[in-house]
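Here's the structure, in structure tokens; my notes come after.
The values are calculated or read from the model by the stated rules, or taken from the named source; none is laboratory data. Remember, predicted model here, so these are calculated numbers, not experimental data. Backbone-built Cβ (ideal geometry, glycine too); neighbour counts: all protein chains shown. What goes into the accessible areas is simple: the full protein's heavy atoms, side chains included, and nothing from ligands, DNA or RNA. Shrake-Rupley method; radii C 1.70, N 1.55, O 1.52, S 1.80 Å.
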Amino acid sequence: MGRPVTKNELLSAAESGYKTMNAAIEGLSEKEMSEPFNFLEDEKKKEAHWKRDKNVRDILIHLYEWHRLLINWVAANEKGGNTPFLPEPYNWKTYGEMNVKLWEKHQGTSLEDAKQMLSESHAEVMKLAEKFSETELFTKGAFKWTGASTLGSYFISNTSSHYNWAIKKLKAHIKNCRTK
């Protein structure tokens with residue numbers, strides 16, 4: 001399926017991606033679960049996140065924190081604000097620094113807690129998406145605070161697209177573990 005363009009597609013892609021990601025995690029062997037991520041030898045994996053995330057917990061916490069960003073952003077703007085998506089002092093050029101801070105914040109979080117936190121935030125994001133109409137989600141300008149984007153694009157980025165990112169990372173980790 002391509003990028004969702006309707007509310008039903010958005011909700012379906014988000015649920016499907018979430019289930020696929022969780023199935024990939026549940027399918028990890030004990031070795032794959034305990035082995036730290038290591039993508040340093042793959043020259044194609046140059047983006048910062050390939051170095052930042054060291055295990056499944058790190059992926060889940062990243063997703064959880066981005067869910068919180070979305071939830072808090074929508075809540076702030078529904079109260080009449082014009083709050084940017086990324087909190088100060090971050091912007092789209094410096095959000096990598098924010099991701100590192102989020103990673104640092106959760107180094108003491110257990111895998112089980114991360115799973116629970118993500119489960120709850122996923123449910124909250126899905127409930128939030130449900131409350132908006134298709135017009136509100138997919139019409140540019142429906143909300144001043146979404147700028148040139150649609151609200152739906154933020155939901156997609158923080159659900160199905162992000163889950164696909166996580167699945168790709170998990171598959172790369174599994175491949176690394178099985179070729180050692």
Scaled radius of gyration (Cα, divided by 2.2 N^0.38 Å) that segment 23-85 gives
1.56
Listed residues 3, 68, 178, 52 arranged by accessible area, highest first, probe 1.4 Å
178, 3, 68, 52
P(r) over all Cα-Cα pairs of segment 39-163, 10 Å bins from 0 to the longest distance, whole percent per bin, short to long, reads 12, 40, 33, 14, 1
List 104, 65, ordered by accessible area with a 1.4 Å probe, largest first:
104, 65
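So, with a 1.4 angstrom probe, what is the percent of accessible area on the chain that is carbon and sulfur? Provide the component values of the computation, followed by the final result.
Details: 5170 of 10030 Å².
Roughly 51 percent of what the probe reaches on the chain is carbon or sulfur.
Leaving ligands, DNA and RNA out of it, rank 113, 53, 42 by accessible area with a 1.4 Å probe, largest first. Don't skip to the answer; put the middle values down first.
Numbers: 113 85, 53 0, 42 55 Å².
Per-residue accessible area, sorted high to low, gives 113, 42, 53.
Based on the mean of other beta carbon atoms within 10 Å per residue, what is the order of 6-18, 90-102, most packed first? Intermediate values should be presented prior to the final figure.
Numbers: 6-18: 17.8, 90-102: 13.5.
Going from most to least packed, we get 6-18, 90-102.
Taking a ≥ b ≥ c as the square roots of the Cα gyration tensor eigenvalues, with a/c under 1.5 meaning rounded and otherwise prolate when a/b beats b/c, else oblate, which class fits segment 1-58?
On the way: a/c = 3.25, a/b = 1.61, b/c = 2.01.
The shape class here is oblate.
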In Å², and per residue, what accessible area does segment 96-155 have when probed at 1.4 Å with the other protein chains present?
54 Å²
So what J values fall out for segment 23-30 if you push phi through Karplus, 6.51 cos²θ - 1.76 cosθ + 1.60 with θ = phi - 60°, rounded to Hz, Gly and Pro as x?
5, 4, 5, 4, x, 5, 6, 4
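Grab the Cα-Cα distance for residue 136 and residue 91, subtract it from 0.36 nm times how many residues apart they are, and report the gain in nm with one decimal. Intermediate values should be presented prior to the final figure.
On the way: separation 45, 0.36 × 45 = 16.20 nm, distance 2.45 nm.
Full extension from residue 136 to residue 91 adds 13.7 nm.
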Quickly rank 145-154, 24-33 as a protection proxy: mean count of other C-beta atoms within 10 Å, highest first.
145-154, 24-33
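Roll a 1.4 Å probe over the protein chains and send me the accessible area per residue for segment 1-87 in Å². List each step's numbers first, then the result.
Working: 4690 Å² over 87 residues.
Accessible surface, normalised per residue, equals 54 Å².
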Whole-Hz couplings from phi, Karplus 6.51/-1.76/1.60, listed for segment 94-110; x for Gly and Pro:
10, 5, x, 5, 4, 4, 5, 4, 5, 4, 4, 4, 10, 5, x, 7, 6
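Listed highest first by mean packing, meaning other Cβ atoms within 10 Å per residue, what order do 128-137, 54-63 come in? Show your work: numbers first, answer last.
Values: 128-137: 14.8, 54-63: 21.3.
Going from most to least packed, we get 54-63, 128-137.
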